[in-house]
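Okay, structure first, notes after.
Only the coordinates and a few stated rules stand behind these numbers; no lab work does. Keep in mind the model is a prediction, meaning the values are calculated, not measured. Quick reminder, even Gly has a Cβ in these numbers, built from the backbone with ideal geometry, and neighbours come from all protein chains shown.
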Amino acid sequence: MAAQNGKDLLIKVDMSDDGQFQTLAGLRATRVSFNAEAVDVTSLESQGGWRELLGGAGVRSAAISGAGVFRDEASDERARQIFFDGLTPDFQVVIPDFGIIEGAFQVTSIEYAGAHDGEATYEMAMASAGALSFTAL
């Protein structure tokens, strides 16, 4: 697989809960991470004293974060609405040459910043709020 442009990693949000996704405008940096908690079932009988994990158990989760500048009023307004109303709409994460992750996320933080001689910026963090699906590209 060849190197890819970071700008091709897109975070999209369902704008009105009707399955119409729009890229969160103005994002300059995005990140997605997947986690799975391990369930330790090690006992005194574990071979050689090595840790044993229970396959298929534990809690899986995903986190999305992004940072950028304000550019699109509709998607900025939607992000604020999601946070202040505590909503968990569907998001899509488009990972180039890999696939699309889709599912419900909650916006867990929004930070706004601005310098007197620069643009207004924001950072957002989101946590998965249910099962996610994967579609290969």
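Overview of results
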| read-out | value |
| --- | --- |
| Test: residue in the range 8-21 that is within 18 Å of F134 (Cα to Cα), buried (at least 17 other Cβ atoms within 10 Å of the Cβ) and basic (K, R) | yes |
| Test: S61 is under 27 Å from A131 (Cα atoms) and in contact (Cβ under 8 Å) with a residue 40 or more places away in the chain | yes |
